[in-house]
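Please read the structure below before turning to the comments.
The values are calculated or read from the model by the stated rules, or taken from the named source; none is laboratory data. Computed from a prediction, not measured in an experiment: that's the story for all the values here. Note: ideal-geometry Cβ built from the backbone for every residue, glycine included; neighbour counts use all protein chains shown. Just so you know, the surface numbers come from the protein's heavy atoms only, side chains and all, with ligands and any DNA or RNA stripped out. Shrake-Rupley method; radii C 1.70, N 1.55, O 1.52, S 1.80 Å.
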Amino acid sequence: MSEAARIYRQLYRIRRVEEEVARVYPTDVIKSPVHLSIGQESVSVGLCEALRPEDAAFGTYRSHALYLAKGGNLRAMIAELYGKATGCAKGKGGSMHLVDVAAGMFGASAVVGTTIPHAVGYAYAVKLRREPRVVLCVFGDGATDEGVFYESLNFAALKRLPVLFACENNRYAIHTHQRLRQHLPEICARAAALGIPSERIEDADPFAIAARARAAADAMRGGDAGPFFLECMTYRWKEHVGPGEDYALGYRERSEAEPWIHGDQVAKVAAQLPPDERARIEEAVEAEIADAFAFAEKSPFPDDAELWTDVFREAP
Ligand SMILES: Cc1ncc(C[n+]2csc(CCOP(=O)(O)OP(=O)(O)O)c2C)c(N)n1
Ligand SMILES: [Mg+2]
């Protein structure tokens, strides 16, 4: 499969999965809040193009795209949203806590910024064991308001850890624009101030993100290159949480979204493929999605006894 076909398959798959999530959400079969990444898919897809299966990824509560791009199991993800026992966190975590250790998706959290030090700690272990692996750490612009962001970056720079930091800058933390929260608009410049080479990509082009991420990841793999910081500008089309739109709330104008919707990366990459190849990809993805929702639908809810398992880690 060509790079364009591979990237399109992932983009289309993530877009369609989330459109289906939004479509069924009002029927209450999904038992968890959903933070959709419609419009932002190309960031995770580009980043994961640079990774190998053995590399690790850490994300946020808005991680459907990262989980799927990293190779997470789709059936287990939809079952998790349905709160079913077959879900990737046994139905206990929901959309905000996606995990697939076998695929290298090490977890996501509802608490802003918390997976940044997790990723750095994991990368410290990778470095001490001299493993030729890379850790991808994805977070939003809002997470850079947290003190732990700076502590984690400093430690990663000091120890020259193999972490690819990737900030998905969609300009908003819930309903508050970056300009109302941060004096300096360039988040990558703050990483540079801590001694981490950094770059910003303005248009969420998945090929540009993949190329930059691949160069950084390959340089740090098993060596002493140290961390890299990529700021990816993007835009959230839907409301912060939930299946609908929120342009009527008054914190942003639809005109701000229009250039991003017009420049949709899913449509752009689709246009690069021959129609028959595109149709084959879309047909296979539609079948996979129908199968995953049917699997979630017919899976059982967890047994009541499961309420008491996985609550605390027992001492080994
Ligand atoms: C420590 C902490 N503070 C506040 C919140 C409430 N909160 C949930 S999402 C969010 C915005 C985060 O924005 P960003 O990191 O840019 O991610 P985005 O939602 O744009 O993907 C906030 C403040 C939280 N969950 N955790
Ligand atoms: Mg944001």
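Within segment 131-157, restricting attention to residues that are open to solvent by 10 Å² or more (accessible area, probe 1.4 Å) and away from ligand 1 (no atom under 15 Å from the Cβ), the residue that is farthest from PRO259 (Cα to Cα) is GLU131. Among the conditions (1) open to solvent by 50 Å² or more (accessible area, probe 1.4 Å); (2) at pLDDT below 95, GLY223 misses just one, which is (1). Considering segment 238-251, and only residues there that are open to solvent by 30 Å² or more (accessible area, probe 1.4 Å) and within 12 Å of ligand 1 (Cβ to nearest atom), the residue that is nearest to VAL34 (Cα to Cα) turns out to be VAL241. Selection within segment 188-246: residues that are within 16 Å of ligand 2 (Cβ to nearest atom) and of a type in the set (Lys, Arg). The member of this set that is farthest from PRO162 (Cα to Cα) is LYS238.
Does ILE281 qualify as being in contact with a Phe, Trp or Tyr (Cβ under 7 Å, 6 or more places away or on another chain), away from ligand 2 (no atom under 16 Å from the Cβ) and in contact (Cβ under 8 Å) with a residue 60 or more places away in the chain? Spelling it out, ILE281 is indeed in contact with a Phe, Trp or Tyr (Cβ under 7 Å, 6 or more places away or on another chain), away from ligand 2 (no atom under 16 Å from the Cβ) and in contact (Cβ under 8 Å) with a residue 60 or more places away in the chain. Against the criterion of being part of a loop (DSSP other than H, G, I, E, B), closer than 15 Å to MET220 by Cα and either more than 16 Å from the chain's Cα centre (by Cα) or not charged (D, E, K, R) (or both), LEU136 does not qualify. Residues that are within 11 Å of ligand 2 (Cβ to nearest atom) and surrounded by fewer than 18 Cβ atoms within 10 Å (Cβ to Cβ) within segment 163-185 comprise ILE174, HIS175, THR176, HIS177, ARG181, listed in sequence order. VAL120 falls short on exactly one of the conditions (1) within 18 Å of the chain's Cα centre (by Cα); (2) without any contact (Cβ under 8 Å) to a residue 60 or more places away in the chain; (3) within 14 Å of ligand 1 (Cβ to nearest atom), and that condition is (3).
Among the conditions (1) in a loop (DSSP other than H, G, I, E, B); (2) within 16 Å of ligand 1 (Cβ to nearest atom); (3) open to solvent by less than 60 Å² (accessible area, probe 1.4 Å), CYS188 misses just one, which is (1). Set side by side, the residues ASP100, ASP55 differ, and just one is within 22 Å of ALA208 (Cβ to Cβ) and more than 16 Å from ligand 1 (Cβ to nearest atom), which is ASP55.
On the given criteria, is ARG160 part of a loop (DSSP other than H, G, I, E, B) and either within 16 Å of ligand 2 (Cβ to nearest atom) or open to solvent by 10 Å² or more (accessible area, probe 1.4 Å) (or both)? Criteria met by ARG160.
The requirement of being over 21 Å from LEU98 (Cβ atoms) and away from ligand 1 (no atom under 15 Å from the Cβ) is fulfilled somewhere in segment 162-176, by at least one residue. Answer yes if at least one residue in segment 72-85 is on the phi > 0 side of the Ramachandran plot and within 14 Å of the chain's Cα centre (by Cα), and no otherwise. Within segment 72-85 (the criterion being on the phi > 0 side of the Ramachandran plot and within 14 Å of the chain's Cα centre (by Cα)), the answer is no, since none of the residues qualifies.
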